[in-house]
Amino acid sequence: MLNLTLGESLVPVLFQIAIGVIGGFLVGYTMRKVLKVALIILAIIFSLIFLAYLNVIGIDYSGLSELASNFVNTIDPALSLFTPLFEHIPFIVSFVIGLVLGFRRA
């Protein structure tokens, strides 16, 4: 039987929490900056779709449909990666806290 002190048993958990908060903050800050650029691109896309609706320009939607289909087929195997995440609940919670702090800070 192991005789661990309270400090020795808390160090791994505190390390996960610290790394989670720092990583979450950095991801949140970066995500906020990327989201601003994505919103501008999305506004341009919706403007083009609206112009196509008004018959000002013409858009080939078959290419867009193929691109969306390829994206879904590419991302589908990545969904199985969520299963091991439940083993790292302390890291995930602290990461989300850091993410929110970073997102608000940007």
Practice item. Go through Val21, Val34, Val27, Val13 for me and flag whichever is among the hydrophobic types (A, V, I, L, M, F, W, C), under 14 Å from Gly102 (Cα atoms) and either exposed (fewer than 13 other Cβ atoms within 10 Å of the Cβ) or touching a Lys or Arg at 6+ places or on another chain (Cβ under 6 Å) (or both). Key: Val34
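Hey, does the range 42-54 have a residue that's outside any helix (DSSP H, G or I) and within 16 Å of the chain's Cα centre (by Cα)? Steps first, please.
We begin by selecting, within the range 42-54, every residue outside any helix (DSSP H, G or I); these are 54.
Of the ones still in play, those that are also within 16 Å of the chain's Cα centre (by Cα) are none.
So far as the range 42-54 goes, no, none of its residues is outside any helix (DSSP H, G or I) and within 16 Å of the chain's Cα centre (by Cα).
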Point to revise | Sole residue being out of contact with any helix residue (DSSP H, G or I) (no Cβ under 9 Å at 6 or more places or on another chain), under 27 Å from Lys33 (Cβ atoms) and at pLDDT 80 or above, chosen from Leu79, Leu67 | key: Leu67
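For residues that are surrounded by 10 or more Cβ atoms within 10 Å (Cβ to Cβ) and at pLDDT below 75, scanning just the range 82-91, find the one that is nearest to Gly20 (Cα to Cα). Let's see the steps before the verdict.
Let us first name the residues in the range 82-91 that are surrounded by 10 or more Cβ atoms within 10 Å (Cβ to Cβ), namely 85, 88-91.
Right, trim to at pLDDT below 75 and you get 85, 88-90.
On the way: Leu85: 13, His88: 10, Ile89: 10, Pro90: 8 Å.
Here the residue is Pro90.
The values are calculated or read from the model by the stated rules, or taken from the named source; none is laboratory data. Keep in mind that what you see is a predicted model, and the values were worked out from it rather than measured. Note that we place each Cβ from the backbone using ideal geometry, even for glycine, and neighbour counts take in every protein chain shown.
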